[in-house]
1. Output the direction-averaged projected area (hull surface divided by four) of the convex hull of the alpha-carbon atoms of region 42-87, in nm².
2. Using the Cα gyration tensor of region 12-120, with a ≥ b ≥ c the square roots of its eigenvalues, what is the shape: rounded (a/c below 1.5), prolate (a/b larger than b/c) or oblate (neither)?
3. Distance between the C-alpha centers of region 54-101 and region 389-427? Whole Å please.
4. Report the gain in length on full extension from residue 59 to residue 427: 0.36 nm times residue separation, minus Cα-Cα distance, nm rounded to one decimal.
5. Would you mind computing, in nm to one decimal, how far apart the modelled labels at residue 79 and residue 138 are, each placed 7 Å from Cα along Cα→Cβ?
6. Tell me the label-point distance for the pair residue 406, residue 338, using the 7 Å Cα-to-Cβ offset, in nm and rounded to one decimal.
7. Multiply the residue gap between residue 386 and residue 362 by 0.36 nm, knock off their C-alpha separation, and tell me the result in nm, one decimal place.
8. If each residue of separation counts as 0.36 nm, what is the full-extension length gain between residue 330 and residue 173 once their alpha-carbon separation is subtracted?
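Since every read-out is calculated from the coordinates, none of them should be taken as a lab result. Since this is a predicted model, take the numbers as computed values, not measurements. Note that each Cβ is placed from the backbone with ideal geometry, even for glycine, and that neighbours are counted across all protein chains shown.
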Ligand SMILES: Nc1nc2c(ncn2[C@@H]2O[C@H](COP(=O)(O)OP(=O)(O)OP(=O)(O)O)[C@@H](O)[C@H]2O)c(=O)[nH]1
């Protein structure tokens, strides 16, 4: 009963439009925004993007978003290309959507609808799926409410109640509300179980390193290179909605858990913020955050700012150590490539790499080891009775969490940094 479009048959003929509206609050640079929208559409299975364009508008026209002349011009182009689906990279009101669909004889998907499709396609965990379903239903509900207003207006604005159309819409709304309550209940349960999982994971004896970054920055590619994972990154945005975790051994021999996360995107529609945040909760537990940047992207600075601001609004503790990973240095011109390497080498907590060629990986891993030097992790040991001095040292340092005498010695749980562990081993 979704009212947004789900591509079923492969190769739906699609067209992408980025409306650039004067004095609109969309602050995105139009050329980059269009490119991102096309990449998002390409990430959906079964869509064939035939063309894309920026359409400049002096203002939003209430009925059809675009003015009459533009509507006609676009209609010609869409028909000539036998377009079935038009993605409008911006907000399209429910009435505008209906009118445009009728006029152009196509399906319309706006930006929120598009991102919902992608979230839905990528959600892997139970929580992710529930969050996306809730966001989709809430989105659909506003469409119904406004569609109702629209019907009322069509009837002449007489405040006429009880028509058959209205009854249906009221019933749909009630069904959606009930479904939302059910989903919310399930979600609460999932979140509770997850909190338990997290508590038990706190005992995982390795520090957690989270990869974050703007969509398409190369997080999954880097994750795969670092973990040697078989699954190669798809050339897709949002390849990961839910964090994936894997163990990595650093050159120092220390082990960490590397966690991949969903890509960030600017101007996320408000309905989707909760779904997006749920997928990022893992980052808050991280011992170290790797901020992956596409350093060759024209908007790399703006993207980094966006990521930083989302991280702080999520409540990432200020003292969580962070490393900026300047990825895709292979895409830079030779001069810029050299300059990036040199600047990264001079700057603390910055690494320049290429996840594709593997350049800079060793330096990055060394940075990670150094950054984690001060981070504590939990470990279980058995200290033989004969090693009383070692046990005393652990107590002196205040590292002991549990100490149980057993037949083979003292079974101890300690929380320590890599440096403290190294000192212990030298005793
Ligand atoms: N040239 C070059 N391309 C890269 C590099 N790293 C990643 N890519 C490409 O960039 C695209 C996106 O990479 P992903 O690893 O899927 O990006 P991501 O950040 O995980 O993307 P989301 O899942 O959307 O957040 C893919 O086409 C990769 O092949 C790199 O170092 N150099």
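1. For region 42-87, averaging the hull's shadow over all directions gives 4.0 nm².
2. Rounded.
3. 68 Å
4. 125.1 nm
5. Taking the two extended label points, one gets 4.1 nm.
6. That separation, rounded to one decimal, is 5.9 nm.
7. 4.7 nm
8. Using 0.36 nm per residue and subtracting the Cα-Cα distance, I get 51.3 nm.
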